[in-house]
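Undergrad: Pasting in a structure now, in C-alpha cells, and then I'll have a few things to ask.
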Ligand code: GDP
C-alpha cells in the first residue's frame, strides 16, 4: 500500500497541487472556481463529476464561510472520496463457488495491458495459495498465447491454449474452464482478444466466448482492462464492452504513467461498476487492489 501511495502520488500530485494552489488563493471568485473545474476536467474526471464537485465545494465554502487552506483541503478530500465511492464492493470473485472453480473473464482492447494483468493477477492468487488455470482465448495471434503461457510458466500455473492460429476462442475458453474443474482449481482466468479493427466481429466473438463458457459454468466476474492514459477514448470502449459482456469490475492499468487519475471516477460513473484493481507498472508485482482512501490521499499529498 505504501508503494501504491508513492506511485500514485508521483503521477497525481500535479492535480492535487494545482487544486490546492487554486483553492488557497483566499478569494474564490467565479474565475477561480472555473479554473478548479478546468483542472478537474484536465484530469479526466469527466464533465458531470467535475461540475458536481465544484458545486458541492463551492456551496460548502460559502456555507462554512471559510477559505482557510486546511479547511478547504479537508472538504476537497471528503468530496473527492465521495466521488470515488468507497461504498462500492471491490472484492474479486476469486474463491471456489460450491464445488467448482470461480471463473474470471478478462476483456479489453489490445495494448491496454490485458495479458500482463492476467499474469500479475495469477501471481497474486498463487501467493494466496490458490490453484489457478489460465485460458488463452485470444487465438488470433499465436504470440498472444505464447505471452500468456510465459506468464503461466513464470507463476507456475498451467495455460490452456490452442496450437494453431485462428482456432475457435470460445472452444479454448470452454476447454480452460473444463480443465480447471477437472484439476479442482480455485480460479480460472480467461484472457480474450481485443482487436478493435473489426469491432462487430470482436463483440460477436466475446459474446460467444461468454455464452459457451456458461454452458458449463457461470462466469463469476468479467473484468474490463482499461488503459488510464487513453482518457475519453477508453471510456467509449468501456461502454461498448459493457453492453456486450456485462462488466463486473474494472482494472485500470498504467496509472503510473498519467496524472489523469480522474478517469477512475469517470469510468465508475459511466459503467456503474467499481474499479477493483489498478496497474502501476510493467513488473510482476505492479498490480494492487484499488483503495479509494489511498487514492485520494495520493492525489492530495
Ligand atoms: P494486451 O494487448 O492488452 O494483452 O496488453 P499487454 O499485456 O501485452 O500490455 C501492453 C503493454 O503495456 C506492455 O508493454 C505492458 O508491459 C504494458 N503494461 C501493462 N500494464 C501496465 C501498467 O500498469 N503500467 C505500465 N507502465 N505498463 C503496463
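Undergrad: Taking a label point 7 Å from the Cα of residue 64 along the Cα→Cβ vector, which residues of the stretch 25-52 have an amide N closer than 16 Å to it?
TA: Residues passing the 16 Å test: 25-28.
Undergrad: So what's the angle, to the nearest 10 degrees on a 0 to 90 scale, between helix 199-214 and the longest Cα principal axis of the chain?
TA: Taking the Cα atoms of the chain, the angle to 199-214 is about 60 degrees.
Undergrad: Same structure, new question: Could you check the spin-label model distance between residue 51 and residue 143? Points 7 Å from the Cα along Cα→Cβ, value in nm.
TA: That separation, rounded to one decimal, is 4.4 nm.
Undergrad: What are the extents of the Cα atoms of the chain along their three principal axes, listed from largest to smallest and rounded to whole Å?
TA: 66, 39, 32
Undergrad: With a Förster radius of 35 Å, plug the Cβ-Cβ distance of residue 99 and residue 232 into 1/(1 + (r/R0)^6) and report the FRET value to the nearest 0.05. Can you show the working numbers first?
TA: Details: r = 44 Å, r/R0 = 1.25.
According to the calculation, E is roughly 0.20.
Undergrad: Could I ask something else about it? Quick check on the exposure proxy: order 104, 263 from fewest to most C-beta atoms within 10 angstrom. Intermediate values should be presented prior to the final figure.
TA: Numbers: 104 24, 263 27.
Arranged by neighbour count, lowest to highest, 104, 263 become 104, 263.
Undergrad: Give me the one-decimal nm value for the distance between modelled label points at residue 196 and residue 154, 7 Å along each residue's Cα-to-Cβ direction.
TA: According to this spin-label approximation, the distance is 2.5 nm.
Undergrad: With a point put 7 Å past each Cα toward its Cβ, work out how far residue 203 is from residue 88 in nm, to one decimal.
TA: My value for the distance between the label points is 2.2 nm.
Undergrad: In the chain, what percentage of the DSSP-assigned beta bridges are antiparallel, given to the nearest 5?
TA: Percentage antiparallel, nearest 5: 15.
Undergrad: Oh, and also: Quick one: which of 187-195, 245-253 comes out on top by average Cβ neighbours within 10 Å, and what's the full order, highest first?
TA: Final packing ranking: 187-195, 245-253.
Undergrad: Arrange 186, 29, 38 by Cβ neighbour counts within 10 Å, fewest through most, would you?
TA: Working: 186 21, 29 8, 38 14.
Final ranking by Cβ density, sparse to dense: 29, 38, 186.
Undergrad: At a Förster distance of 41 Å, what's the computed FRET efficiency of residue 27 paired with residue 269, Cβ-Cβ distance as r, to 0.05? Each step should come with its number before you reach the end.
TA: Numbers: r = 31 Å, r/R0 = 0.77.
About 0.85, to the nearest 0.05.
Undergrad: Taking the Cβ of each residue in 33, 151 as the centre, tally the other Cβ atoms inside 10 Å and list the residues starting with the fewest.
TA: Details: 33 17, 151 24.
Fewest-to-most ranking of 33, 151: 33, 151.
Undergrad: At what distance in angstrom do the alpha carbon centres of the stretch 156-176 and the stretch 38-117 lie from each other?
TA: Spelled out, the Cα-based centre of one part sits 35 Å from the other.
Undergrad: Still on this model: Taking only Cα atoms, what is the 0 to 90° angle, nearest 10, from helix 142-155's long axis to the longest principal axis of the chain?
TA: 80 degrees
Undergrad: Sticking with this structure for a sec: As I understand it, the value is the acute angle between the Cα axis of helix 69-84 and the longest principal axis of the Cα atoms of the chain; what does it come to in degrees, rounded to 10?
TA: Tilt relative to the chain: about 30 degrees.
Undergrad: Using a Förster radius of 35 Å, what is the FRET efficiency between residue 285 and residue 211 based on their Cβ-Cβ separation? Nearest 0.05, please. If you can, show how the numbers build up before the last one.
TA: Details: r = 35 Å, r/R0 = 1.00.
Calculated transfer efficiency: 0.50.
Where a number appears in this text, it was derived from the coordinates with a stated rule and is not lab data. Given the structure is predicted, the values throughout are model-derived calculations rather than measurements. No Cβ is skipped: glycine too gets one built from the backbone with ideal geometry, and neighbour counts run over all protein chains shown.
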